[in-house]
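Okay, so here's the structure we're looking at.
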Amino acid sequence: MTGLGSRGELTGRVALVTGAASGIGRAIAVELAAAGARVVVADLDPAKARATADELPGAWAETVDVSSVAECTELVEGIVRRTGQLDILVNDAGLQHVSPLHEFPPERFEYLLRVMLLGPAMLMRAALPTMYAAGWGRIINMGSINSVTAQPNKSAYVAAKHGLLGLTRSVALEAGPHGVTVNCVCPAFVRTPLVEGQLADLARLEGVSVDAVRTKLMIDPTVIGRLIEPEEVAGVVRFLCSDAAAAITGTAQMIDGGYTAR
């Protein structure tokens, strides 16, 4: 049995990573490729997806809107037609909208749920038969500390991430007898464009400076005193994709610098 220590432990595996053009998704794509996997870099931004894929051996880019059930299904079916397999699925695509619920645009609320809850469900639905037939599979859903905690002015994001953890656990119970593990990785604030992009809105709602928001809401609640790096999240995802993690399924893997320990 191979484990995280082997640089080629995922050789021969095909991995689909959504939201892989930047941030956590890009770091995961890089890490899985380093472990030997052939990575499909899927993103809504075709140029950035191609740029990332061009850096990785054997990788290719796909443009997808994961809010579309049809596009999710077509993406998976296309990968299976091209390679004959799909071993790893990482559902990382996500976005944020900061607003109190009474001012939250309904169409925006629905879109966040479609991207971060419906999309992962439909991608799993499409991928599971191939994984079941192979008797092996790894599914990683990118949750958040907001999968287990809540924050004001992020109702759609919190609802989606809570739902994603429940979805993860339910599918893990279905998939386990088929050799497929399903886990939810739940980081605190990671140094990404998504986090940086919400600072101004949070500062406005809190009535404080951007620096104060970063310190008060994102750094002070941790015990490590800093934001988490995308590569740290990617390392955990890689481990969960390895044979060494075969007994880990249905979990919320916290990467939060002690945020939820208090």
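Sort Ile139, Ile28 so the one with the fewest other Cβ atoms within 10 Å of its own Cβ comes first.
Going from sparsest to densest Cβ surroundings: Ile139, Ile28.
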Report summary line: Taking the alpha-carbon centre of each part, the distance from segment 33-72 to segment 120-174 in Å is 19
Report task. Specify the angular offset, from 0 to 90 degrees and rounded to the nearest 10, of the alpha carbon long axis of helix 155-175 from the longest principal axis of the alpha carbons in the chain. Result -> 30
Requested in this report: From the P(r) of segment 24-76, can you give the percent of Cα pairs sitting at distances over 12 Å?
Outcome: 61
Query raised in the report: Once both labels are modelled 7 Å past Cα along the beta-carbon direction, what's the Ala150-Glu174 spacing in nm?
Result: 2.7
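How large is Rg/Rh for segment 98-250, to two decimals, with Cα atoms and a Kirkwood Rh? Working shown, then result.
Values: Rg = 17.2 Å, Rh = 16.9 Å.
When Rh is taken as the Kirkwood radius, the ratio is 1.02.
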Requested in this report: Would you look at the GNM of the chain, springs on alpha carbons closer than 10 Å, and say which of Arg204, Arg169, Arg214 moves the most?
Outcome: Arg204
**Report entry** Most mobile of Glu174, Glu71, Glu232 in a GNM of the chain (Cα contacts under 10 Å)
**Finding:** Glu174
Requested in this report: Order by neighbour count: Glu196, Glu62, fewest other Cβ atoms within 10 Å first, most last.
Outcome: Glu196, Glu62
Report task. Could you tell me how many degrees, from 0 to 90 and to the nearest 10, lie between the Cα long axis of helix 119-134 and the main elongation axis, the longest principal axis, of the Cα atoms of the chain? Result -> 20
Query raised in the report: Size of the chain along its principal axes in angstrom, Cα-based, largest extent first?
Result: 53, 38, 37
Query raised in the report: Could you list log10 I(q)/I(0) for segment 101-162 at q = 0.11, 0.13, 0.23, 0.28 Å⁻¹, which the Debye formula gives when each Cα is one point scatterer?
Result: -0.34, -0.44, -0.93, -1.14
Query raised in the report: Which of Ala15, Ala70, Ala159 moves the most in a Gaussian network model of the chain with Cα springs under 10 Å?
Result: Ala70
Requested in this report: Could you calculate the contour length gain from Val210 to Ser99, that is, 0.36 nm times the residue separation minus the distance between their Cα atoms, to one decimal place in nm?
Outcome: 38.3 nm
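Every number here is computed from the coordinates shown, using simple stated rules; none is lab data. Source: prediction; values computed, not measured. Counting neighbours? That spans all protein chains shown, and the Cβs are built from the backbone with ideal geometry, glycine included.
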